[in-house]
Amino acid sequence: MAESENGSPTKRLKTDAENDCGDVGVLSSGSPVSDFEITRILRDGAREKIIFIQGKVKDQDAVVILEKTPFRQDTLSELLKNSQLKLEMKNDVYSTYQLQAPAHLNEIKTTLVCPATEKHIKKYLQQEVFLVEESGEDYRNLTLPYINSQSFSLQWVHNVLEKKAEADRIVFEDPDPDIGFILSPDFKWDKKQLQDLYLLAIVHRRDVKSLRDLTSEHLPLLKNIRSKGEDAIRQQYGVPPSKLRVYLHYQPSYYHLHVHFTSLEYDAPGCGVERAHLLSDVIQNLQADSSFYYNRSLAFPLRADDGLLARFKEAGKLKT
């Protein structure tokens with residue numbers, strides 16, 4: 001699914017009707033990537049095999065993200081049989097090679113953000129990260145006013161819910177206005193293997209921003225997402241609930257309630273304890289105390305340039 005301009009990824013190529021950066025799915029020499037003029041490297045993740053590049057496409061600011069796709073088990077035999085090897089080093093039983101794979105087995109996932117705002121560029125730029133501990137009072141006095149003061153567009157979410165975009169990607173939908181949701185693959189997942197399975201459940205309700213808004217009133221919604229989401233994934237992909245990580249982010253990347261379903265084998269971005277809250281834990285906490293997330297202190301990471309971090313610093317709430 002695509003995301004908003006609030007600094008979260010825009011995970012699809014936009015159409016010409018939206019901007020001049022090119023058509024969805026274009027693979028020719030005239031694609032927007034071929035016209036990309038590099039300005040600087042924002043971040044280079046050698047371990048994750050991903051790089052974030054700032055530049056321009058037709059005088060528009062843009063960001064290109066290049067990410068090596070996972071190996072596919074069903075193509076390993078072809079990869080080993082049809083690739084060329086260049087020996088680099090041999091010592092006893094150990095040898096290393098440069099492997100030149102056939103083009104169709106050497107894909108690089110390419111994401112274009114265009115036109116890219118300053119918020120997009122800052123998000124992908126390598127920065128320091130700080131852990132903030134937010135009390136319920138801090139949320140109401142600092143975080144919520146900051147959220148309300150920002151122009152976080154949710155139009156892409158509304159387009160998904162209204163089936164104006166990405167309707168062909170829907171795996172399951174419960175249309176109930178109170179407890180219903182849409183389940184679709186996240187664009188981090190190329191759907192070619194189950195080891196990095198990643199789907200999002202976006203609720204139809206528009207009055208719940210995040211974990212902080214949840215009370216016992218929302219238990220039917222959360223239980224419905226867990227039950228029907230797990231059933232849909234089992235039926236569609238053959239993956240049982242015991243092999244899924246189901247969680248919510250806090251802070252979320254966009255302020256419309258959504259739930260992440262990922263494979264336990266996948267070290268998904270944001271699945272660490274400082275940001276991810278297991279849906280089963282959320283349900284149990286609300287069953288025990290309806291105002292649990294209204295009052296509870298919650299910790300989460302913020303980047304150095306985040307305006308919310310500045311609010312916490314000004315209020316003397318950042319531990320140093």
- Query: Among the residues of segment 164-179 satisfying the criterion of being in a loop (DSSP other than H, G, I, E, B) and at pLDDT below 95, which is most open to solvent (accessible area, probe 1.4 Å)?
  - Reply: LYS164
- Task: Report, by residue number, each residue of segment 119-139 that is open to solvent by 30 Å² or more (accessible area, probe 1.4 Å), at pLDDT below 80 and assigned to a helix (DSSP H, G or I).
- Result: LYS119, LYS122, LYS123
- Message: Which count do you get for residues in segment 258-302 that are open to solvent by 20 Å² or more (accessible area, probe 1.4 Å), in a helix (DSSP H, G or I) and of a type in the set (Phe, Trp, Tyr)?
- Response: 2
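Residues being of a type in the set (A, V, I, L, M, F, W, C) and under 30 Å from LEU197 (Cβ atoms): count how many of those fall in segment 262-320.
Looking only at that region, the number is 15.
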- Message: Which pairs turn up if I take residues in segment 252-277 that are over 29 Å from GLY238 (Cβ atoms) and look for partners that are of a type in the set (Val, Ile, Thr) and part of a loop (DSSP other than H, G, I, E, B) with beta carbon separation below 8 Å, at least 6 apart in sequence or on another chain?
- Response: HIS256/VAL208
- Note on the structure: Scanning segment 45-68 residue by residue, the ones that are assigned to a strand (DSSP E or B) and touching a residue at least 24 places away in the same chain (Cβ under 8 Å) total 12
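Residues to consider are LEU112, LEU154, LEU161; find the one that is open to solvent by less than 60 Å² (accessible area, probe 1.4 Å), touching a Cys at 6+ places or on another chain (Cβ under 7 Å) and aliphatic (A, V, I, L, M).
When all the criteria are applied, what remains is LEU112.
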- Under 9 Å by Cβ, and 6 or more places apart or on different chains, what pairs join a residue from segment 222-249 that is outside any helix (DSSP H, G or I) with one that is surrounded by fewer than 17 Cβ atoms within 10 Å (Cβ to Cβ) and among the aliphatic types (A, V, I, L, M)? GLY238/LEU194; VAL239/LEU194; LEU244/LEU264; ARG245/LEU264; ARG245/LEU278; VAL246/LEU278; TYR247/LEU278; LEU248/LEU278
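The values are calculated or read from the model by the stated rules, or taken from the named source; none is laboratory data. Please read these numbers as outputs of a predicted model, since none were measured by experiment. Neighbour counts run over all protein chains shown; Cβ positions are idealised from the backbone, glycine included. Just so you know, the surface numbers come from the protein's heavy atoms only, side chains and all, with ligands and any DNA or RNA stripped out. Shrake-Rupley method; radii C 1.70, N 1.55, O 1.52, S 1.80 Å.
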